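The values are calculated or read from the model by the stated rules, or taken from the named source; none is laboratory data. These numbers come from a predicted model, not from an experiment. Counting neighbours? That spans all protein chains shown, and the Cβs are built from the backbone with ideal geometry, glycine included. In case anyone asks, the SASA skips ligands and DNA or RNA and just uses the protein heavy atoms, side chains included. Shrake-Rupley method; radii C 1.70, N 1.55, O 1.52, S 1.80 Å.
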Amino acid sequence: ALFDEDSADSDGDGVNNLLERAFGMDSLGPDDRKDLPRARNKNDGKQRFTFTRYSSTFLANNPNSEQIEYTVEVSTDLRVWMADELETYAKEESSVDIGGGMERVTWVTTKTAAAAGGRQYLRLTVSTP
């Protein structure tokens, strides 16, 4: 049961099984931290983050897949998070196929923090139905 439960950390590395599956990591052994979502900085004043996910093509062709949902949200105060109308605030900047049904995507805010009123934040939530 420990290996099947989403909230369990079957390999004891501090990342639960759901997140390990969602980011293409191994839930039975140590992983490379580069597989976890992380900030990606450029010198244009916009916020970016990148993460690995199942590609939509892979999910469409594998009906018995994990059915993992990735949701990017934006906030200006860390209290109210918005996923609706996301394209007003952020967009997917790039997507690179890394094989095995996975892709590395990068999201970027549409404005600099200064142009957005001084503060803006991005986050990713991962869930299953």
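Computed over protein heavy atoms with a 1.4 Å probe, the carbon and sulfur contribution to the accessible area of the chain reaches 47%.
When the alpha carbon gyration tensor of the stretch 20-129 is reduced to an equivalent ellipsoid, the three semi-axes, largest first, read 27, 15, 13 Å. Students often get this wrong: which residues of the stretch 39-61 have the backbone nitrogen under 19 Å from the point 7 angstrom along Cα-to-C-beta of residue 92? Residues 39-40, 47-61 qualify, since their backbone N sits under 19 Å from the label point.
Per residue of the chain, the DSSP helices (runs of n ≥ 4 H) give a summed -39500 (n - 2.57) that works out to -2000 deg cm²/dmol at 222 nm. Relative to the current alpha-carbon distance between residue 61 and residue 43, full extension at 0.36 nm per residue lengthens the span by 2.6 nm. The mean accessible area for residues of the stretch 85-129, using a 1.4 Å probe and ignoring ligands and nucleic acids, is 56 Å² per residue.
When you filter the trypsin sites (Lys or Arg not before Pro) in the stretch 35-121 for DSSP loop state and at most 12 other Cβ atoms inside 10 Å of their Cβ, you are left with 42, 79, 119.
Taking GluC sites (Glu not before Pro) in DSSP loop states with no more than 15 other Cβ atoms inside 10 Å as exposed sites, the chain has its longest site-free stretch at 6-65. In this calculation the C-beta distance from residue 71 to residue 28 is compared with R0 = 30 Å, giving a FRET efficiency of 0.65.
Here each label is just a point 7 Å from Cα along the line to Cβ, and for residue 81 and residue 102 those points are 2.2 nm apart. Relative contact order for the stretch 39-129: 41 percent, from Cα pairs under 8 Å spaced at least 6 residues apart, divided by residue count.
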